[in-house]
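Here the structure comes first, spelled out in structure tokens, and everything after it is commentary.
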Amino acid sequence: MRPIRLALQGGGSHGAFTWGVLDGLLQRDDLAIEAASGASAGALNAAVLACGWAKAGRQGAREALQAFWRDVGAAGGASLLPLQAPAFGPPFDLASVPGYDWASRFLRTLSPYDYNPLNLNPLRDVLLRHVDVDALREGPVRVFVTATAVRSGEARVFRGDALGIDALLASACLPFLFQAVEIDGEPYWDGGYSGNPSIHPLIEPGEECDIVVVRINPAHREGVPRRSTEIMDRIGEITFNASLIGELRMIAQLNRLQQRLASHGVRPAQCRLHVIADDVDLATLPASSRMRVDPAFVLRLHGLGEAAVAQFLEMHGDAIGARSSHSPAGQEAQAEVGALPEG
């Protein structure tokens, strides 16, 4: 049995891609998930997986994730996310809805304190149906949830007894959609701004580990955005990837230092990195599609995640427990499925 620790990125409904990846990992009896760190949709996936695992093992985790995403698809039609597009086929682009550009720009001139003064958030009801707080805090899969403190801009990682429904809502709180979530007098926004996801909670001094990052925000997009909404969307993607890139580079530097120590007869613990992503299919989806939660789209994303993890395991499955399959500096084999080289 090879233990792994998951780092799950956030990105709206594209978190259904992560569901597909997790579904594939959970079907591997030789892999044991011992911890999961997430932000935004990644945090929700981590929480639901942990609760399902606590109740019925890996099969319970699979069933819990399936039930959660089915519920998200159903709740989406009842205003889980604004500006829902009609359920038409590819390219799954909200921008093709008449008036989307105008409505998107107009909404950014408003505040959720203006158009949602009662602070209604249907995601709370969905989480209450699928997250058992006791199982989340005490189950065998340790969970770390990142949110961004509004006043300081720093990341806060919720763990143990600090975990709960409010922590999950804080981690998924997009400031143009929802009012800041207040916990112990501190307001929080989406964790993707400060740690998407936070990897450092998964690393313990002196322990070897395999960290599997599931990245859903494309590292590369062709062309230059020209419309204002496209520019804002790409800025958002770059912002949501920046903290992850920084942490991956930091871990790579630590591993290089440890390798130097090893050359002098010291055998330090290694943190092995693996990345599962799809910069081909996900990059063809416009950023606006992160607002799509209709069942057909959610299932398509799940299928992309299943395909990505299958290809990763075929190419790099033997690296788990043995070596890193990803290097931010490009010195080792890339683990991203279909990814373009990163500069």
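The range 175-239 and the range 126-147 have Cα centres separated by 20 Å.
Eigen-decomposition of the gyration tensor built on the alpha-carbon atoms of the range 212-252 gives equivalent ellipsoid semi-axes of 24, 10, 8 angstrom, largest listed first.
If R0 is taken as 30 Å, the Cβ-Cβ distance between residue 119 and residue 220 corresponds to a FRET efficiency of 0.20.
For residue 11, the residues whose amide H sits under 5 Å from its own are 41, 42, ignoring neighbours fewer than 5 places away on the same chain, with H placed 1.01 Å from N.
Here the range 114-154 is scanned for amide nitrogen atoms under 12 Å from the site 7 Å beyond the Cα of residue 1 along Cα-to-Cβ, giving 140-141.
In terms of the Cα gyration tensor, with a ≥ b ≥ c the square roots of its eigenvalues, is the range 142-257 rounded because a/c is under 1.5, prolate because a/b exceeds b/c, or oblate? Cα axes put the range 142-257 in the oblate bin. If you place +1 on the Cβ of every Lys and Arg, -1 on the Cβ of every Asp and Glu, and leave all else neutral, what size is the dipole of the range 136-185 about its Cα centre, to the nearest 20 Debye? Here the range 136-185 has a charge dipole of around 160 debye.
All of the numbers you see were taken from the coordinates with simple rules; none came from a lab. Treat the numbers as computed from the prediction; the structure is a model and nothing was measured. Don't worry about glycine lacking a Cβ; one is built from the backbone with ideal geometry, like all the others, and counts go over all protein chains shown.
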